[in-house]
Amino acid sequence: MTTALRHRGPDDYGYWSDDELGIFFGHRRLSILDLSPAGRQPMLSAYARYVITFNGEIYNYKALARELQGRGHIFKGRSDTEVMLAAFEEWGVRAAVERFNGMFAFALWDRRERDLYLARDRMGEKPLYYGWNSGGFLFASELKALTANPQFATTINHSAAALAARYSYIPTPWSIYEDIYKLVPGTILKVPLTGLLKKSDFFSPLGKISPEGPHPRYFWNPPGLFTPHITTRFNGSEGDALNELDLLMQDAVNIRMISDVPVGAFLSGGVDSSLITALMQRKSAKPIKTFSIGFEDSAYNEAVYAERVARHLGTEHQNLYISPKDMLDVIPSLPGMYDEPFADSSQIPTYLVSKLCSESVTVALSGDGGDELFAGYDRYRWALHFWSRVGRFPYPIRNFTSRLLGSPLSQKTSQGIVHLLSHSRYKGNYLQKLATASRVLRFRDRRALYEGLMSYWSDGAPATPHHPTLPTAFKTHPANHPQSFLDEMMAIDLQSYLPDDILVKIDRASMAVSLEARTPFLDHRVAEFALRLPPSFKLKGSSGKRILRQLLSRYVPESLTNRPKMGFSIPLGRWLRSDLRPWAEELLSRKALLSGGYFNPPVIEKAWKEHLAGTHNWEHHLWNILMFQAWQQHGRSISAAA
């Protein structure tokens, strides 16, 4: 099981067990801090009460170590793991975790009380799967470690399969396997020894309080934080907010540069990565190493912008231009990299830039999280634009108009409605815009609208005709009634899209090549500050991430970064019609679709034909299906080999 995770820790390994109780811990080590044997895991606390296996970094461990030394603790090494264990002994598990500033997933066994604790960082940067299977309780950073157990029962969760087709990812707390869950970010799960053998009938994986049995408990709750932070808005000027954010970001970057191995940065030339790189270079006495991916297609090529920023900041920069062949070479490894269906197509360039980066450094800082915290996505502006125009009309009128758009209308009338709803997010021909207009008008309220915008195969049925009741990706957060639609959209993204798509993508892609990615924007102090900012500080008119742009202008001329948002995307639609077509047609054949049993072949075949003909761009819908099919094919090949 630990060998399956060697890519996450190629430098060392270790085991600890209590054979009498049947408790077994394993660890694979990527040496970042204290490269000596003193940092080896699993690690016992000084008084041997606790044993831990831990993935991640605690960035404020030096400050915690000084405080603990003042309370009489003595440290043998210089690792953050040893500091964590001392913190547990000094303050208890929850109180200690509340003090940690970092990205982490850990399992902690309390030898005195005979309790197992699983915990995951506030934003969900590090993964943690767990569940009852094979007659006991299992946990790991990736599913491949669980499936390596020869007794593991790989029973597919059909609802999770439907979710993968709908959202491109399987949202927390579900996984592709029955009774195996992702731990909700910002929670601690405590399981007593008696609960390790059998799942309680009262167990809830959603972080809710249940009357009996183990359940995750929040130690930091973004859903709960939205209301108090909004009711205690930052009441200073934009200049005051800018100065405070500058100091927070400087410290968030500085503590993430602490390492005993080389550190670099992903640089796209956009606002987020340029700000992180600028702050890193400000801290470094020598040129930092930066890396980017480019495409020959200028519509997708950010490398030229990255080069300009790198020249201005004086970094040691490397570009890698990729082709469809490079993509094809990566595709066979994707199912094994992600372990369950995952279909954010930027997973490919993310892996390739991670691979490029890993050849020179062991740690890389990224700009992930800036869009979700500071309103960077185009879809925020589009949804606000749409809702301000049509949200005031009663739902029956909107629903009636939606039905009209699906019927023969005069060209003038239909074009007028489409023009009202048009936005750059929905580039495409007239018929595609008409279909989009008809769909978005059917949503009952603004929340349903945004959830719909984040969905593909939105009702689930066209792709998965026989699935059970389809859950939503957004059940993990309680009602908190944010004051603005923008707050509500960002709340949804922070609790689902960010941890389940963006952070999964960067974690698996980077760890596949033994590279540790660190994300300064997700420092919880930055996140809490961003939650308090008025929406107008983030988005005003057509300008998103306003305060970040103002901050970046202190370090990089606006002319170098003032451009439309591109995202880390690839020319997927065109490549599916050309270089990727043979691979796609094999997986989308009727035989392949029927053998899986999860999709409705006529629906998929129709979408494929329309995409090939260029009458409708189904690239993302089809990629969701292709990644699921590729994952199934990968699983069958492993079973055959075994």
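The values are calculated or read from the model by the stated rules, or taken from the named source; none is laboratory data. Just so we're clear, the structure is a prediction, and the values are computed from it rather than from any experiment. Cβ atoms come from the backbone with ideal geometry, glycine included; neighbour counts cover every protein chain shown.
Here are the numbers:
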| item | result |
| --- | --- |
| Failed condition for Asp579, given (1) in a helix (DSSP H, G or I); (2) under 27 Å from Trp618 (Cβ atoms) | (1) |
| Selection from region 489-546 of residues that are assigned to a helix (DSSP H, G or I), small (Gly, Ala, Ser) and within 16 Å of the chain's Cα centre (by Cα) | Ala491, Ser496, Ala509, Ser510, Ala527 |
| Residue check, Ser388 over 15 Å from the mean Cα position of the chain (by Cα), surrounded by fewer than 16 Cβ atoms within 10 Å (Cβ to Cβ) and touching a residue at least 60 places away in the same chain (Cβ under 8 Å) | no |
| Region 296-340, subset aromatic (Phe, Trp, Tyr) and part of a helix (DSSP H, G or I), residue modelled with the lowest pLDDT | Tyr305 |
| Whichever residue in region 570-599 is surrounded by fewer than 16 Cβ atoms within 10 Å (Cβ to Cβ) and not charged (D, E, K, R) and, among such residues, is farthest from Ala161 (Cα to Cα) | Ser578 |
| Contacts under 8 angstrom Cβ, first residue in region 255-269 being part of a loop (DSSP other than H, G, I, E, B), partner of a type in the set (Asp, Glu), 6 or more apart | Asp260/Asp34; Ser268/Glu302; Gly269/Glu302; Gly269/Glu307 |
| Region 279-295, residues that are hydrophobic (A, V, I, L, M, F, W, C), buried (at least 23 other Cβ atoms within 10 Å of the Cβ) and not in a loop (DSSP other than H, G, I, E, B) | Leu279, Met280, Phe291, Ile293 |
| Residues within region 314-339 that are farther than 21 Å from Ala517 by Cα and either assigned by TED's automatic domain parsing to the domain that holds Glu142 or crowded, with 19+ Cβ neighbours inside 10 Å (or both), tallied | 2 |
| Residue in region 192-206 that is nearest to Gly22 (Cα to Cα), counting only those that are assigned to a loop (DSSP other than H, G, I, E, B) and free of Cβ contacts under 8 Å to residues at least 60 places away in the same chain | Ser200 |
| Pair list, Cβ under 6 Å, 6 or more apart: region 14-30 residue assigned to a strand (DSSP E or B), other residue hydroxyl-bearing (Ser, Thr, Tyr) | Phe24/Ser17; Phe25/Thr53; Gly26/Thr2; Gly26/Tyr15; His27/Thr53; Arg28/Thr2; Arg28/Tyr13 |
| Matching residues, region 341-354, being outside any helix (DSSP H, G or I) and more than 14 Å from Leu626 (Cα to Cα) | Ser346 |
| Those residues of region 10-34 which are closer than 19 Å to Ser510 by Cα and either hydrophobic (A, V, I, L, M, F, W, C) or out of contact with any strand residue (DSSP E or B) (no Cβ under 6 Å at 6 or more places or on another chain) (or both), in sequence order | Pro10, Leu30, Ser31, Ile32, Leu33 |
| Qualifying residue in region 136-148 (condition: outside the structural domain of Ile258 (by TED's automatic domain parsing), more than 24 Å from the chain's Cα centre (by Cα), in a helix (DSSP H, G or I) and among the small types (Gly, Ala, Ser)) | no |
| Qualifying residues in region 63-121 (those that are aliphatic (A, V, I, L, M), assigned to a helix (DSSP H, G or I) and loosely packed, with under 15 Cβ neighbours inside 10 Å) - the one farthest from the chain's Cα centre (by Cα) | Ala63 |
